[in-house]
Each structure stands twice: as structure tokens, then as C-alpha cells.
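Input: a single structure, listed below in C-alpha cells.
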Amino acid sequence: MSCFVFSQKDSDKNKIIQELSEKACACTDSITLLNRDKKDILKDVHGCIDQYTGALQISSLLSGAEELSKTAPEVNGKKQVTLNYDTNKNSQQYTESYHDIERYMMGNCPSLKKIAAVSETKTDRLSKNPEALEYYAKAIEFSKAENWKEAIKNSEMAVKKDPKFVYAWDNLGINYRRIAEYDKSIDAYKKSLEIDPNGKMPLQNIPMAYIYKKDFQKAIDAYLALDKVYPGDSEVYYGIGQVYFSGIKDDEKALDYICKSYKIYNQQKSPYRTDAEAVINSIYKNMKDAGKTEKFKEILKKNMIQWD
């Protein structure tokens, strides 16, 4: 790509990121969530971000044209700058632009936050009992309104009508956690697992309840239980990393686990990559202050991660 430089004014990159991210956010608004695998939902998210990444690449190139023009040759009395637009989606240029949009969206796009937090819900696994379904639907609406106690009452009625209604048990666990009834929350999740031992939602949330109880070793054990059912799951590494970072205060172990989650999130095109990135940055600050910069680099190298 070649261009002539006519103006000394750079493009406002942050404004462009915002504009393109808002368009990508509007795209994610239309993504269907119900009765779909999470990996397929994430593919749709990737498609929304991908379609605006090229535009940001070009804008970023143009914003740097003024600096390049200082040493560029003149053609007919005007500076001519050659810009290299890399169409390779594994390139650093593409990756940086993609991540810029993704970061903005994770902080500012409600639909992406909802997608990132959504649990997989299969319609064929809903209760066949109409009364249980009615109470469950009411519980969900009360949860949306942040009326946790009414959500609990209706979830309890749902499982009373259908004791094998796993989603109602899961919702009960969530809402007990929200009112700091952590033991009751864990009990509800365990009821769900008695019905479906492979239930990912309760397996992911039991360690969270232990974290709130500040029982960090049981939280780690619960994440390892998740790993037995879903080996290599990014949430195992991210969760244990967070326990070591925020709870146990062991930056080195935290960094090793968070790096493992970061790599998986990258491979999955998951927006949670930005959360792992933020934790790595925080760990870096701690380790730098402690004079452990070389150890930080060593752990990243072991996990084959490049870091600026």
C-alpha cells in the first residue's frame, strides 16, 4: 500500500478503536446463545471482531505514516510512504489490532460480557414438569432483577417439583452464593452433580464458593476435580492461578497457571484472554518490585509466551 502524505495530523487511534469496537459489539448483540455449544458461540464472537480488525490495521498504519514520511523519498514534490498491510491472520499486526478491539469490548460491550459469562444451556435437558419450569422461569427473572431471595424461593420450589432439575439446582447455588450462604451454595451444586456428575457449571462454581470462604486449598482441590472431568480446561488454570495470586499470594505459582490459561484462551479466541493478560500484568508489577523480573521472564519462556 502506498500513500502520499498531505497532512501532519495523525488519526486518533483510540477513537477509531472505540468506533470499530462498537460496531463489533452491535454484531455480538445478534449472537444466539440458547442451546449452543460455547465453542460455536466463541466462533461467532471471533467473526464479529475479525470483520473490523482489518480496518483498524489500516488505520494504525495510516496513523504512523507521518513519522515514516520524515525519511521517505519525494515523488513530484510530495513525500511517498509505502505501508505494508499484512493480511496474514497470524501476523503481529493483525493480532495487535484484534486484541485492541477485544480489550475495548470486554470493558465496554454488555453483550460480550454476557457471552463470556454464559453457561451452556441445552433445551433438551430442561425439566419436563411444567410447574417446575414455571418456578424456574420466575427464578431466572428474579435473578435478573437482583432479587436473590425470591430467586432462591422459586428455585427451591422448582427442585421440589422436580428433584432432578439440574439447572434449578445450579441457579439455587448461584443465588445462595450471592447472599453469602456459601455452604448452602456448595450443597446445591453437589445436588446438581449427583444428578449429572459432568455438570460443568457446578464444577466451575464450587471452587468459587470456597474462594469466598477463604478456604483456598479446598478451592484448588475443587478446580482439580473439574480438571478430572474436563482435562486441560482453561478455567482450571485460570482459577488456580487466581487462588495463588489473590488468595495465597504466591506470584510465581500464580504466573505459571495464568500463563497456561492465557495460551488456551488465545487458541480458543476467547475474550477471557484479556482477563488473563490483566493478571499477568499485575503479577509483573509485583515481581518487578520484588526484584524478580528475571524469574518472571523465565516462567513466561517456559510457557512459550512472548511479552512486551
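The values are calculated or read from the model by the stated rules, or taken from the named source; none is laboratory data. Quick caveat, the model's predicted, so the values are computed rather than measured. Using ideal geometry, Cβ is built from the backbone for each residue, glycine included, and neighbour counts are taken over all protein chains shown.
Key figures for this structure:
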read-out: Selection from region 136-154 of residues that are surrounded by fewer than 23 Cβ atoms within 10 Å (Cβ to Cβ) and assigned to a helix (DSSP H, G or I); value: ALA137, LYS138, ILE140, GLU141, PHE142, SER143, LYS144, TRP148, LYS149, GLU150, LYS153
read-out: Residues within region 281-300 that are touching a residue at least 40 places away in the same chain (Cβ under 8 Å) and in a helix (DSSP H, G or I), tallied; value: 4
read-out: Cross-chain or 6+ apart pairs with Cβ under 6 Å, region 137-148 first and in the same structural domain as ILE174 (by TED's automatic domain parsing), then surrounded by fewer than 17 Cβ atoms within 10 Å (Cβ to Cβ); value: PHE142/GLU150; TRP148/ARG178; TRP148/ILE179
read-out: Those residues of region 267-280 which are crowded, with 17+ Cβ neighbours inside 10 Å and either part of a helix (DSSP H, G or I) or touching a Ser or Thr at 6+ places or on another chain (Cβ under 8 Å) (or both), in sequence order; value: SER270, TYR272, ARG273, THR274, ASP275, ALA276, GLU277, VAL279, ILE280
read-out: Criterion: at pLDDT 95 or above, surrounded by fewer than 18 Cβ atoms within 10 Å (Cβ to Cβ) and more than 25 Å from ILE41 (Cβ to Cβ) - qualifying residue of LYS128, LYS184; value: LYS184
read-out: Residues that are under 31 Å from the mean Cα position of the chain (by Cα) and among the small types (Gly, Ala, Ser), drawn from region 128-165; value: ALA137, ALA139, SER143, ALA145, ALA151, SER155, ALA158
read-out: Helices (runs of 4 or more DSSP H) completely within region 8-85 that count 2 or more residues being modelled with pLDDT of 90 or more and either among the charged types (D, E, K, R) or exposed (fewer than 15 other Cβ atoms within 10 Å of the Cβ) (or both); value: 13-28, 38-63
read-out: Residue tally, condition under 27 Å from GLY47 (Cα atoms), among the basic types (Lys, Arg) and surrounded by fewer than 18 Cβ atoms within 10 Å (Cβ to Cβ), over region 224-266; value: 1
